[in-house]
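Q: One structure, pasted below without further comment.
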């Protein structure tokens, strides 16, 4: 019996998404590869961004992949946790700032 909805073995099958759409799969993986090449940001910085975004979108496959990638790049556990806290703060702030819409709506409706 599978213990979670997400099967960790599926991460290794990611490349299979091209099987049913070769052209689009190839374009995605070409773009994905380019995104993670060294550029204005280092591969290390990109890995930290990826781990933070992975937690924000709550993708267990991404969390798995970029935790492994971070370890390969020598990123320390304190850096990983700090990146996750940054992501959580942005996500929390985004929820709270939408409260302004609620406040405006409340004020209009209660007049």
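Q: For region 1-43, rounded, prolate or oblate, judged on the Cα gyration tensor with a ≥ b ≥ c (square roots of eigenvalues), a/c < 1.5 rounded, else prolate if a/b > b/c? Show your work: numbers first, answer last.
A: Values: a/c = 4.71, a/b = 1.52, b/c = 3.10.
Judged from the Cα gyration tensor, region 1-43 comes out oblate (a/c at least 1.5, b/c at or above a/b).
Q: Points 7 angstrom from Cα along the Cβ direction at residue 17 and residue 91: gap in nanometres?
A: According to this spin-label approximation, the distance is 1.9 nm.
Q: Let me ask something additional. From Cα pairs below 8 angstrom and at least 6 apart in sequence, can you work out the relative contact order of the chain, rounded to a whole percent?
A: 21 percent
Q: Then there's this: Round to the nearest 10 and give me the degree value, 0 to 90, for the angle of helix 77-97's Cα axis relative to the longest principal axis of the chain.
A: It is inclined by approximately 40 degrees.
Q: Could you state the angle between the C-alpha long axis of helix 99-109 and the longest principal axis of the C-alpha atoms of the chain, as a value from 0 to 90 degrees rounded to the nearest 10?
A: Approximately 30 degrees, to the nearest 10.
Q: Another question, if that's okay. Add -39500 (n - 2.57) for each DSSP H run of 4 or more in the chain, then divide by its residues: what number comes out at 222 nm, to the nearest 500 deg cm²/dmol?
A: On the way: 5 runs with 73 residues, N = 111.
Helices in the chain give a 222 nm mean residue ellipticity of -21500 deg cm²/dmol.
Q: Tilt of helix 43-56 relative to the longest C-alpha principal axis of the chain, in degrees (0 to 90, nearest 10)?
A: 50 degrees
Q: According to the square roots a ≥ b ≥ c of the eigenvalues of the Cα gyration tensor, what is the shape class of region 11-108, taking rounded for a/c under 1.5, prolate for a/b larger than b/c otherwise, and oblate for the remainder?
A: On the way: a/c = 2.47, a/b = 1.51, b/c = 1.64.
Taking the square roots of the gyration eigenvalues as a ≥ b ≥ c, region 11-108 is oblate.
Q: Quick check: Cα centre of region 31-64 to Cα centre of region 92-111, how many Å?
A: Cα centroid of region 31-64 versus Cα centroid of region 92-111: 33 Å apart.
Q: Sequence gap at least 6, Cα distance under 8 Å: using those rules, report the relative contact order of region 30-74 to the nearest whole percent. Let's see the in-between values first.
A: Details: 20 pairs, mean separation 14.4, N = 45.
The normalised contact order for region 30-74 reaches 32 percent.
Each value in this text was obtained by applying a stated rule to the coordinates, not by laboratory testing. These figures come from a predicted structure and were not determined experimentally. Every residue, glycine as well, gets a Cβ built from its backbone with ideal geometry; the counts of neighbours run over all protein chains shown.
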